[in-house]
Amino acid sequence: MSLVPSDAAPHLLLMRLIATLLLLVGFSTALPSALSAIAPGVTKEAAANDNRDVEFVRVWPQWRATDTFLRISEFLSGKENTGRQTILRSQPDNRDGLYFLVRARSGDAAYGEAKFVLEIITPDSAQPKIYEFPTTIAKRSHAFNLGLTGSDWKGEDTHPVAWRLSLLNAAGDELATKQSFLWALPESE
């Protein structure tokens, strides 16, 4: 589902350019009226979503086995070394699983408490399964590994049919979202 009506799609680039210029020169109160003049039918919510401070730069699903997380420091200390990434697992005691490597960029704003909501359709069910991963969003760019581990994912040979990943702040407002191509397909009539 698109936030911009299909009849406004040709004007999307122009709309984003004008919105960016207005924000740069400090005319944020003029933004909704300027956008409605260019693309009637575009809601204030859609305009606000296009100007979010948080974005998913990349979302990359892949299977990872336990040994891909091992580092020399873990052999010495006995504790997992996650490097500069935040690793969140559906079952923290299991490392094997399907991981979504997510790079989130938040600009200069820190959002504090937040959560990732992963909706995923598997080959054995048409109904999406929903997983939540609580986290914090700091300034700038950061990598997250969101893992469906243990019994939450069947194995290396199982691939998701479709997925959608959202990042919500503590109030439940959506900060960013990304989805697979198949998630966006319209329902058959």
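Laboratory data are not the source of any read-out in this text; all were calculated from the coordinates shown. Remember, it's a predicted structure, so these values are computed and weren't measured experimentally. Counting neighbours? That spans all protein chains shown, and the Cβs are built from the backbone with ideal geometry, glycine included.
Ranking L148, I130, T86 by Cα position along the charge dipole of segment 55-189, where only Lys, Arg, Asp and Glu carry charges on their C-beta atoms, puts T86 farthest toward the positive end. Where does the charge balance sit around L168 when Lys and Arg score +1, Asp and Glu -1, over other residues with C-beta under 11 Å from its C-beta? Surrounding charge for L168 is -3. Overall, the ratio between the Cα radius of gyration of segment 55-184 and 2.2 N^0.38 Å, rounded to two decimals, is 1.07. For the residue pairs K129/K178; K79/K129; K79/K178; K139/K178, the alpha carbons lie more than 23 Å apart in K79/K129; K79/K178.
Please sort by residue number the trypsin sites (Lys or Arg not before Pro) in segment 116-189 whose DSSP state is loop and whose Cβ has at most 15 other Cβ atoms within 10 Å.
Those satisfying the criteria are K139, R140, K154.
Put simply, the amide H of L70, placed in the peptide plane, has no neighbours under 5 Å, leaving out anything fewer than 5 places away on its chain.
In sequence order, segment 60-68 has phi-based couplings of 10, x, 7, 6, 9, 8, 3, 5, 6 Hz under the Karplus curve 6.51 cos²θ - 1.76 cosθ + 1.60, θ = phi - 60°, and Gly or Pro positions carry x.
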